[in-house]
1. Being assigned to a loop (DSSP other than H, G, I, E, B), touching a Leu at 6+ places or on another chain (Cβ under 7 Å) and more than 11 Å from Gly89 (Cα to Cα) is the filter here; which residues of the range 1-59 pass it?
2. Output the residue which, of all residues in the range 89-120 that are over 26 Å from Ala172 (Cα atoms) and of a type outside the set (A, V, I, L, M, F, W, C), is farthest from the ligand (Cβ to nearest atom).
3. Just for the range 1-51: of the residues that are surrounded by fewer than 14 Cβ atoms within 10 Å (Cβ to Cβ) and hydroxyl-bearing (Ser, Thr, Tyr), which one is modelled with the highest pLDDT?
4. Of the numbered conditions (1) over 27 Å from Ala163 (Cα atoms); (2) touching a Ser or Thr at 6+ places or on another chain (Cβ under 6 Å); (3) not acidic (Asp, Glu), Gly115 fails exactly one; give the number of that condition.
5. Quick check on this structure: which one of Leu15, Leu22 is over 20 Å from Ala108 (Cβ atoms), in contact (Cβ under 8 Å) with a residue 40 or more places away in the chain and either within 15 Å of the ligand (Cβ to nearest atom) or more than 22 Å from the chain's Cα centre (by Cα) (or both)?
6. Test Ile78 against the stated conditions and say whether it is at pLDDT 95 or above, in a helix (DSSP H, G or I) and surrounded by 13 or more Cβ atoms within 10 Å (Cβ to Cβ).
Amino acid sequence: PSALNALSEGLVNDLAHALDELEPAKDIACVVLTGSQRAFCAGADIKELQAHSFPEVYTENFITRNWERIVDFRKPVIAAVSGVALGGGCELAMMCDFIIAARSARFAQPEIKVGVIPGAGGTQRLARWIGKSKAMEMCLTGRMMDAAEAERAGLVSRVVPAASLLDEALKAAETIASFSRPVVMMTKETVNRSYELTLAEGIRFERRVFHSMFALEDKAEGMTAFVEKRPPQFRNR
Ligand code: CO8
């Protein structure tokens, strides 16, 4: 916290281990990742990076070795961003499934100011999230985007008052947790395929997953409950 959640090796390892524990936990349906009011995360720990050399980062597989655990995490992860999300902090938020931002949120890829490119997914994910022109401008100038611009650009799903950020994120998480667990996980997996596949292949993947839902008890329960005008009782099977 004293370094604004800068991504030290220890922090990234801890995050990966926390996800390892949350993934199989039966009582966890959804995760909210947040920082402090002042900072979601100020990016890579520059004090650690300063000493690294090319042979070290290459041979030790820096970033790749622990960073993308969150991408393989199969339950939804909501980023609740207040204050700065810079460099690796913005890249971390973009690896979550969606971002809810406080009005105080500020996003940037300022790596160019310290002599590197965004190297933890920023050049690729930012361009996909907000389009080439804005992504290129942000990566080339390092300028900060405020919450309103981030919402207009589609980087964040919505902006809320800073005081209610965590409540709003937890409310969204509770809503997700009230639905059928396998359906939630398949929804996440299917939307994520849209970033990897052609439209025709993505639709094909979606259709197969949709068909498979007709084997779920929760599909029968959800539709029967609607017809009987009562709330559904999902059993996650
Ligand atoms: N690394 C290390 N320490 C940091 C970082 C950082 N990224 N950011 C802030 N701190 C420390 C400061 O050194 C300071 O410590 P101290 O009190 O000991 O001097 C403390 O946090 C508070 O910071 P400031 O005094 O600077 O607070 P301000 O309110 O004046 O400024 C800012 C806040 C704007 C966030 C400013 O600190 C800043 O610009 N930080 C650097 C932001 C940055 O350039 N981030 C990009 C880094 S490069 C990157 O992320 C590459 C991605 C690789 C991902 C790696 C994954 C493992």
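1. Correct list: Ile28, Arg38.
2. My answer is Gly115.
3. Ser36
4. Result: Gly115 passes all but (2).
5. Leu15
6. For Ile78, the condition - at pLDDT 95 or above, in a helix (DSSP H, G or I) and surrounded by 13 or more Cβ atoms within 10 Å (Cβ to Cβ) - is not met.
Table: residues versus (1) loosely packed, with under 13 Cβ neighbours inside 10 Å; (2) within 30 Å of Ala102 (Cα to Cα); (3) in contact with a Ser or Thr (Cβ under 7 Å, 6 or more places away or on another chain).
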residue	(1), (2), (3)
Leu170	no, yes, no
Glu174	yes, yes, no
Phe179	no, yes, no
Lys188	no, yes, no
Arg193	no, yes, no
Leu197	no, no, no
Glu201	yes, no, no
Arg207	yes, no, no
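The values are calculated or read from the model by the stated rules, or taken from the named source; none is laboratory data. Not measured: the values here are computed from a predicted model. Counting neighbours? That spans all protein chains shown, and the Cβs are built from the backbone with ideal geometry, glycine included.
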